[in-house]
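Input: a single structure, listed below in structure tokens.
No lab work stands behind these numbers, since they all come straight from the coordinates. Keep in mind that what you see is a predicted model, and the values were worked out from it rather than measured. Reconstructed Cβ throughout: ideal geometry from the backbone, glycine too, with neighbour counts over all protein chains shown.
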Amino acid sequence: MSDQKYYAPYPPPSGLGMQPPVATAPPQADGSGGWSQPNTTYPPGLESLMGLDYLFVNQKVELLQAFTGWETKNKYVITDNKGELVFYMAEESGICARLCMGSYRSCEFYLYDKNQREVLRLVRPFRCDGCCCPCYLQVLEVYSGSTLLGSVTQEWTCWRPKFYVRDASGEPVLMIKGPLLRFCVNVIFKVKSMDEKHRVGVIRKQWSGFAREMFTVSDKFGINFPRDLDAKMKAVLLGATVLIDFMYFEQDP
């Protein structure tokens, strides 16, 4: 199991068999929708997110992990609702962290575009999870090069999962609320405005098929957000999807 950096050796997917999340028509970004006006200045590579309102995240099946139970580096393909490639995403982590800490391991993810140029870097440090440890909860930061775009922070709750999507200054911009039960065919995490008056979008963990669900930890997600949401916040919501996958769906079946 090599720890060399991954450079997206597999081709773009075709026909992921995933249905777009059901979305309601979002309010316009004029202050009434619960988010600020979109910023027209983006780091290189994020222009591909500007006109999108759906992203699909398809985790690559790792046969070594499926047959042996050994944690391997996670790899994902991110496409739009037409099935066209947007990004590749690959984990960088140490073998000891994967074997000893499992889904709680510290790691980084690198996102590459179709030309294999690095676009984003997601940093997830080691953190605890659970209602008994409210002072050291999960966090994931999203960078373009060395520039922080935003972060996702887990908030302490006794029952339903709750996260804040924060901008580069650390101010919460959006809220993510998960369901009480996460064993359904489709598990929905609602993306809301901070005042909870507006439903901005959803992160949906989709059913991957009986064999894949029972014998692997390879998952499929759909992300819906307003088309005119700031592209940097779209990137942070993609990071939130990775964090949710690790926290709730990476346990060995």
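Structure above, values below:
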{"quantity": "5 angstrom amide H check on ALA168, placed H, neighbours 5+ away", "calculated": "none"}
{"quantity": "ASP80 paired with GLU118, simple spin-label distance in nm, labels 7 Å along Cα-to-beta-carbon", "calculated": "2.6 nm"}
{"quantity": "Set of lysines near LYS162 by C-alpha distance (under 17 Å), chain-local residues within fewer than 8 positions excluded", "calculated": "LYS177, LYS190, LYS192, LYS197, LYS205"}
